[in-house]
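Right, one structure below, let's go through it.
The values are calculated or read from the model by the stated rules, or taken from the named source; none is laboratory data. Here the structure is a predicted model, which is why all the values come from computation and not from measurement. Cβ placement follows ideal geometry from the backbone for every residue including glycine, while neighbour counts extend to all protein chains displayed.
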Amino acid sequence: MRIVVAGIGGVGGYIGAYLCKLEDEVIFLARGNHAMEIKAHGLKVQEDGGDFTAWPDNVMTAETLEDEIDLLLLCVKSYDIETVLTELSNNITPSTIIVPFANGVEHKEKIDALVNAKVLQGAVYILAHKEADGLIVKKGKVFAALFGDAQYIKETALVSSLFDKAGLRHKTPENIEEAIWKKYLFISAFAALTSYFDISMRKVYEQHKNWAETLLQEIADVAEAKGIHIQEEIEKALKTASSLPEDASSSMHLDFQNGSKTEVETLCGYIVREGQRLRLPTPIMAKIYGVLKTKQSA
């Protein structure tokens, strides 16, 4: 099987590194010094369970990839999905399985509109980032990949089998949309709050718990209006934030700190726009979104 991992950052690098243990062909899509370092010295992963180095079969850019893809894991930022799919349009066939592991709840619909493939829904719980070229650092023990689609049961089982063999913890929830929203609830709220206050997730919980509770409720209310029931996840999200490592933050917060492009539209703007469409007020998210959008364009 030919597996292509697009985006070798915290998520794609970690998952891709484990998939390199398989006998299947694994290709990383990366560029620049990061790609050169992986080609020369492999991709190093540091985690609590021990460090290891992974060797993909090839490292290249999307533009230079040839031949068809059997499984495409989209681990790029949400704003890069369309660009990557355009670059891979000649490699994607109706038999290609695509699993987006980017933040957000709209990706399957958007991907279906761009390419003819078997698109699953997906999400990942992980605290990991690219520490340096060729180095992925994972913090804490949290890891779980969620994926699936009722329309593609066989394909879901195939991806599940690959993750089993690679030693990657995963779930294939019956209600995948609800599962995706549960993840989105946490990351949307804490990406917004860590970026707004410029502090870690645990410090948000300790110093601004009322903000966190209110924002989580706003997001859950939007989901409820769309027929997705995740109200009971609010307390779980708060408990998770309270137990994270002291310095663990969101990827969007790190992007703001580094002056990089952020997922503010996916993680904040989407809730504001959906709230307006559903005539549901989201005052805290609207306030945060307004500040962060200005900060992003500065």
Residues within segment 134-151 that are farther than 29 Å from Ser243 by Cα and surrounded by fewer than 17 Cβ atoms within 10 Å (Cβ to Cβ), tallied: 2
Selection within segment 98-139 - under 26 Å from Glu47 (Cβ atoms), of a type outside the set (A, V, I, L, M, F, W, C) and part of a loop (DSSP other than H, G, I, E, B): Asn103, Gly104, Asp133, Gly134
Using the structure shown, decide if Ile69 is touching a strand residue (DSSP E or B) at 6+ places or on another chain (Cβ under 7 Å), assigned to a loop (DSSP other than H, G, I, E, B) and of a type outside the set (Asp, Glu). yes
Of residues in segment 203-235 being among the small types (Gly, Ala, Ser) and within 22 Å of the chain's Cα centre (by Cα), the one farthest from Ile180 (Cα to Cα): Ala212
Looking at Gly49, Gly16 in this structure, which one is part of a loop (DSSP other than H, G, I, E, B) and either closer than 16 Å to Ala102 by Cα or among the small types (Gly, Ala, Ser) (or both)? Gly49
Among the residues of segment 228-274 satisfying the criterion of being assigned to a helix (DSSP H, G or I) and among the β-branched types (Val, Ile, Thr), which is nearest to Lys110 (Cα to Cα)? Thr266
When (1) in contact (Cβ under 8 Å) with a residue 12 or more places away in the chain; (2) part of a helix (DSSP H, G or I); (3) in the same structural domain as Arg277 (by TED's automatic domain parsing) are applied to Glu155, the one that fails is (3)
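Residue by residue, here is whether (1) in contact with a Leu (Cβ under 8 Å, 6 or more places away or on another chain); (2) surrounded by 15 or more Cβ atoms within 10 Å (Cβ to Cβ); (3) free of Cβ contacts under 8 Å to residues at least 40 places away in the same chain holds:
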position: Ile3; (1), (2), (3): yes, yes, no
position: Tyr18; (1), (2), (3): yes, yes, no
position: Leu29; (1), (2), (3): yes, yes, no
position: Met36; (1), (2), (3): no, no, no
position: Lys39; (1), (2), (3): no, yes, yes
position: Thr53; (1), (2), (3): yes, no, yes
